Amino acid sequence: MASFSIIGDEDTIVGYRFAGVPGTAADTPEQALEAFRAAVREHTCQVLLLTAPVADMIREEVLQHRVGAQPPYVVVVGDIWKTPVERPSLVDMINEAVGIRIMTDTEMPE
Amino acid sequence: MARLNIAPTKSNQLNLRRDLDMATEGFNLLDQKREILVMELMRMLDRVRRTQQRLIEAEEKAYTTLRKAIAHNGYHRMRNVASGISYEHEVRTHTRVTAGVRVPEITVKAGEFASRFGFSGTDSLVDQTMLDFLELLVVVSEMAQIETAVWLLARELKRTQRRVNALEQIFIPDFDETLHYISDVLESKELESFFVMKLVKKRLAAKHRID
């Protein structure tokens, strides 16, 4: 089993290839879903990197996989072209779950 | 609050009292679990912020180097060089249990930087790309652990919160109200039977006197 694997666009995959991370290119939701299911089913890696656009395409599938807390552990990274994707940050997720928002000094209203 | 639709009998009262005890005990346990999860998430908040910042910086550095390297060497050359690179990364995973949630812990020992391609036809940007992406991989691994942990803990906290609310706002008040209702009814029944008994006793005594 490989340690890492990535699903994303061709260019980002080339970058991670320099760190010895194999990858599968996916440009459409169908390709992304197929690659993700194959990675989960065949346990090809322990940590699976998804570029933000890919994670956005298969959001539900990723959520379902995360519930199991089983490898491959998913982490979302940006793509090299900085494609903007709207998704809640981890800090937002914590704030929402806890029910209160902790603000840093810089976020405090004057 | 709504009273449960059950007959006001002694056995139902006993059953309901047992259910109320269990619900109260469950509420206390879940409340403790909620507090532990909140503390755990708050403890992680700072780490999340720091790691996210490190990830943004490492991504920015590695991606900028990659874009430059592609511009200098050409995409196909870069792809050819990259296809021959392999590293033995060591990833160890084990799970720890926090408040009943299995949280993974990932330890990564990224492969040591070494020349993996010929020097001819490549420049220092290619070496730098490899170096930057190896550094990025370490931060990404840390993020993988944090992201999974936060996601699982936040989800469990929401579920626990819903259960605590259901017990606190619905079940316990309903049980309480029903128990009060049953107690009232049983008490009035007891009082009624007491008066009936007294009346019977009085009549029997009167009858005895006449006899």
| remark: Rounded to the nearest 500, the 222 nm mean residue ellipticity computed for chain B from DSSP H runs (n ≥ 4, each -39500 (n - 2.57)) alone is -27000 deg cm²/dmol
| Nearest 0.05, what FRET efficiency do B:Thr107 and B:Arg17 give at R0 = 45 Å with Cβ-Cβ as r? | 0.35
| remark: Expected unfolding gain across B:Arg77-B:Ser124 under the 0.36 nm per residue rule, minus the alpha-carbon gap, is 15.5 nm
| request: Among B:Ser11, B:Gln53, B:Pro173, flag the residue with its Cα farthest along the positive direction of the charge dipole of chain B, charges on Cβ as +1 for Lys/Arg and -1 for Asp/Glu. | output: B:Ser11
| message | If neighbour count is taken as other Cβ atoms inside 10 Å, put B:Phe195, B:Phe171, A:Phe36, B:Phe113 in order from fewest to most. | response | B:Phe195, B:Phe113, B:Phe171, A:Phe36
| request: Starting from the coordinates of the alpha-carbon atoms of the protein assembly as shown, obtain the Kirkwood hydrodynamic radius over all distinct pairs and give the value in Å to one decimal. | output: 24.0 Å
| message | Students often get this wrong: which residues of region B:176-191 have the backbone nitrogen under 15 Å from the point 7 angstrom along Cα-to-C-beta of B:Thr24? | response | B:176-180
| note | Looking only at aspartates and glutamates whose Cα falls under 12 Å of B:Lys33's and that sit 8 or more positions away or on another chain, we get B:Glu156
| task | Take the Cβ-Cβ distance between B:Arg50 and A:Glu10 as r, set R0 to 51 Å, and report the resulting FRET efficiency rounded to the nearest 0.05. | result | 0.95
| note | For region A:2-80, the Cα convex hull volume per residue in Å³ comes to 70 Å³
| query | Which lysines does B:Lys10 reach when only Cα atoms under 18 Å apart count, and residues fewer than 8 places away in its own chain are ignored? | reply | B:Lys189
| task | Using only alpha carbons, build the gyration tensor for chain B and give me the equivalent ellipsoid semi-axes, biggest first, whole Å. | result | 77, 13, 12
| message | Using the crude model of +1 on Lys and Arg Cβ and -1 on Asp and Glu Cβ, and no other charge, please compute the dipole size for region B:31-165 relative to its Cα centre, in debye to 20. | response | 700 debye
| Candidate lysines - alpha carbon under 16 Å from B:Lys68, same-chain residues fewer than 8 apart omitted | A:Lys82
| query | Hey, if you put +1 on the Cβ of every Lys and Arg and -1 on every Asp and Glu Cβ in region B:25-170, which of B:Ala144, B:Asn73, B:Ser86 ends up farthest toward the positive end of that dipole? | reply | B:Ala144
| query | Across the residues of B:150-162, average count of Cβ atoms on other protein chains within 10 Å? | reply | 4
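Taken together, the values in this text are just the output of simple stated rules run on the coordinates, not laboratory data. What you are looking at is a predicted structure, and each value in this text was computed from that prediction instead of being measured. Please note: Cβ atoms are built from the backbone with ideal geometry, for glycine as well, and neighbour counts cover all protein chains shown.
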